[in-house]
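J.: First the structure, then my questions, so here it is.
The values are calculated or read from the model by the stated rules, or taken from the named source; none is laboratory data. The structure presented is a predicted model; accordingly, all values stated were derived computationally and were not measured. Quick reminder, even Gly has a Cβ in these numbers, built from the backbone with ideal geometry, and neighbours come from all protein chains shown. What goes into the accessible areas is simple: the full protein's heavy atoms, side chains included, and nothing from ligands, DNA or RNA. Shrake-Rupley method; radii C 1.70, N 1.55, O 1.52, S 1.80 Å.
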Amino acid sequence: VGAAYVLSTAASLLLLAKCPTAERGWLNLFKGEIIAISNSDLKLTVGALAAVLFVLWIFRKEIILVSFDRELALTFRKQVFGWNLLLYLLIGLAISVGVIAVGPLVTFGFLLLPPLAVRPFARTMPMNVARSLSGNSCTGR
């Protein structure tokens, strides 16, 4: 669904580029401005990223356990609902700050397309993460 969103939005941008009257407002709304990001947006993005990564690092064992083996987490008497809620709030914070800073197309494109591209070539989860991150860094963004 996410890849379809990114590809259909990219197609919409190509169609809007042909119409001079729609080009003014709709293109900026769709694609955002990653090059012309303000200092305050950049600081907000870096601060939110640091906070999300810090919380994920501190609670990584619990979040991974609850995400990948719910039954074992229930056996260990973990608060599955609470850990899932924390994870979803962190994901929501990261996505919303990214959308505010650089726009929805760039945010969802960098969230969805690199993992989808490397999934057939990665045998383990760490390999999938490493290759996805290296694919993002190779694009220069």
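J.: In whole angstrom, how long is each semi-axis of the equivalent ellipsoid of the chain, when you take the square root of 5 times every eigenvalue of its Cα gyration tensor and sort them from largest down?
T.: Each semi-axis is the square root of five times an eigenvalue, giving 33, 18, 15 Å.
J.: Using the Kyte-Doolittle scale, find the helices of the chain whose mean hydropathy is at least -0.5 and whose Cα atoms extend 18 Å or more along the helix's long axis, counting only whole DSSP H runs.
T.: Once both thresholds are applied, what remains is 2-17, 39-58, 80-102, 104-118, 125-138.
J.: Hey, another quick one. Run the accessible area of the chain with a 1.4 Å probe and give the carbon-and-sulfur part as a rounded percent.
T.: The value for the chain is 70 percent carbon and sulfur by accessible area.
J.: Per residue, how much accessible area does the chain have with a 1.4 Å probe, in Å²?
T.: Each residue of the chain exposes 71 Å² on average to a 1.4 Å probe.
J.: Work out, step by step, the length gained on full extension between residue 1 and residue 58: first 0.36 nm times the residue separation, then minus their alpha carbon distance; give nm to one decimal.
T.: Net length gain for the segment: 17.4 nm.
J.: I've got another one for you. Using +1 on the beta carbon of Lys and Arg, -1 on that of Asp and Glu, and nothing else charged, what's the dipole of the chain about the Cα centre, debye to 20? Walk me through the intermediate numbers first.
T.: Working: 13 positive and 6 negative charges, 54 e Å.
Charge dipole, the chain, about its Cα centre: 260 debye, nearest 20.
J.: Another question, then. Using only helices, what value at 222 nm comes out for the chain when you add -39,500 (n - 2.57) per DSSP H run of length 4 or more and divide by the total residues, to the nearest 500 deg cm²/dmol?
T.: -26500 deg cm²/dmol
J.: Going by average Cβ density within 10 Å per residue, which order do the peptides 41-48, 105-112, 68-75 take, highest to lowest?
T.: Working: 41-48: 13.9, 105-112: 19.1, 68-75: 11.9.
The peptides rank, most packed first, as 105-112, 41-48, 68-75.
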